[in-house]
Amino acid sequence: MIEVQNLTKYYKDFCAVDNVSMMIRKGEILGLLGPNGAGKTTTLRMLTGYFKPNYGTIKIKNFQMPKDALKIKSLIGYLPESAPLYHNMLVYDYLEYVAKIKGINDKEKRYDRFLQLSDICGLSSIMDKPIATLSKGLKQRVGLAHAMMTDPQILILDEPTSGLDPNQIVEIREIIKAIGKEKTIIFSTHILSEAEATCDKIVILNNGRVVADDTTANLKQSVEQNSLIKLSLQGAQKEDADSLLKSIHPSLDVKIVEPVEKGLVSFEITPLNDDSTDHDFRSDIYLKIKETDWIIIQLIKESQALEKIFRELTREVA
Ligand code: ATP
């Protein structure tokens, strides 16, 4: 559906997007992740035709930017980081205005579309409210309705949950998920749990470059295989527990850490050898400790999979 190759954008002599390539299939939700200044907005603006790249190609369906820019723009609904709303208008009047400038001239068709959008974006109770009086989350929903007015096949959403409270984040995320059943969506975010919960695919940018591009499941799996086991024991001597744990398997990296509570001995255990990483060592640890008179207070696998990848890939080297 969308194929981007070697996309590059300079602001004067500063390279904000550097040789970015990615592919999004029809019906996929792609999360574009990256720290502040990574180049997410610039990339999205090039996809929408708002910015012209210095190098690279953008193909959407069988069309190519900039040759078929008008056709491509008609396929895309775009929600910029701050939705461009007229605050002095009522929601209904604003949507009517948007519908008219987008060419929906038939009154009945417009009304039908408002009903659909009101349903999808949860607008029924605010249609007669001035935009200025809406919360940020509700304004975002109006912006989303704007982006979806002509029922575009592709939606590009720039940090749609930025600045929202946790309830509003979940609401917008649920809307995106529901829309994503029928549309191809690219949205940028720095909330990793959001990408994890919503996206089929994730591309991580850092300093304008792609540092990861894979399915959410593959990215998660790649770190889960090396996930950290946290263990806290009561009644054990540090050295005894350390050597017992090390005897379980040579691939285990066992580190003693500050105990979570007084009177406990705590460890962080990481399987290092790739051959053994499919195996869940928690059961081996449990069985080994069972042979002693120590008590297991904590035995967990750390599950911040994507956070870990994100930090590793986007860490600034000092
Ligand atoms: P954020 O999450 O903070 O919105 P981002 O990943 O969307 O960041 P961009 O807004 O694309 O990143 O910015 C990428 C880099 O380009 C940043 O270093 C930014 O300062 C710079 N930049 C963005 N727009 C311009 C501009 N109009 N002129 C000059 N530099 C710019």
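The values are calculated or read from the model by the stated rules, or taken from the named source; none is laboratory data. Computed from a prediction, not measured in an experiment: that's the story for all the values here. Using ideal geometry, Cβ is built from the backbone for each residue, glycine included, and neighbour counts are taken over all protein chains shown. In case anyone asks, the SASA skips ligands and DNA or RNA and just uses the protein heavy atoms, side chains included. Shrake-Rupley method; radii C 1.70, N 1.55, O 1.52, S 1.80 Å.
Scoring residue 98 on the criteria (1) aliphatic (A, V, I, L, M); (2) open to solvent by 10 Å² or more (accessible area, probe 1.4 Å); (3) in contact with a His (Cβ under 6 Å, 6 or more places away or on another chain) leaves a single failure, condition (2).
Residue 113 meets the conditions (1) within 16 Å of the ligand (Cβ to nearest atom); (2) crowded, with 19+ Cβ neighbours inside 10 Å; (3) on the phi < 0 side of the Ramachandran plot in every case but one. The failed one is (1).
Figure legend. Inter-residue proximity from region 46-60: first residues of a type in the set (D, E, K, R), second residues open to solvent by 40 Å² or more (accessible area, probe 1.4 Å) and outside any strand (DSSP E or B), beta-carbon distance below 9 Å, spacing 6+ or different chains. Indicated pairs: 52/66. Of the strands (runs of 3 or more DSSP E) that lie entirely inside region 144-233, those containing 1 or more residues that are away from the ligand (no atom under 16 Å from the Cβ), more than 30 Å from residue 261 (Cβ to Cβ) and not β-branched (Val, Ile, Thr) span 154-158, 201-206, 209-215.
Summed over region 6-57, the residues that are open to solvent by 40 Å² or more (accessible area, probe 1.4 Å), of a type in the set (A, V, I, L, M, F, W, C) and away from the ligand (no atom under 13 Å from the Cβ) give a count of 1. Scanning region 119-137 for residues that are touching a residue at least 24 places away in the same chain (Cβ under 8 Å) and surrounded by fewer than 21 Cβ atoms within 10 Å (Cβ to Cβ) yields a total of 12.
Residues to consider are 99, 147; find the one that is out of contact with any Gly (no Cβ under 8 Å at 6 or more places or on another chain) and hydrophobic (A, V, I, L, M, F, W, C). After ruling out the rest, the residue left standing is 99.
Is there a residue in region 131-139 that is more than 16 Å from the ligand (Cβ to nearest atom), hydroxyl-bearing (Ser, Thr, Tyr) and either closer than 28 Å to residue 61 by Cβ or in the same structural domain as residue 84 (by TED's automatic domain parsing) (or both)? Yes, the conditions are met somewhere in region 131-139.
The listed residues are 269, 285, 289, 295, and the only one of them that is surrounded by fewer than 16 Cβ atoms within 10 Å (Cβ to Cβ), in the same structural domain as residue 235 (by TED's automatic domain parsing), farther than 17 Å from residue 220 by Cα and at pLDDT 80 or above turns out to be 295.
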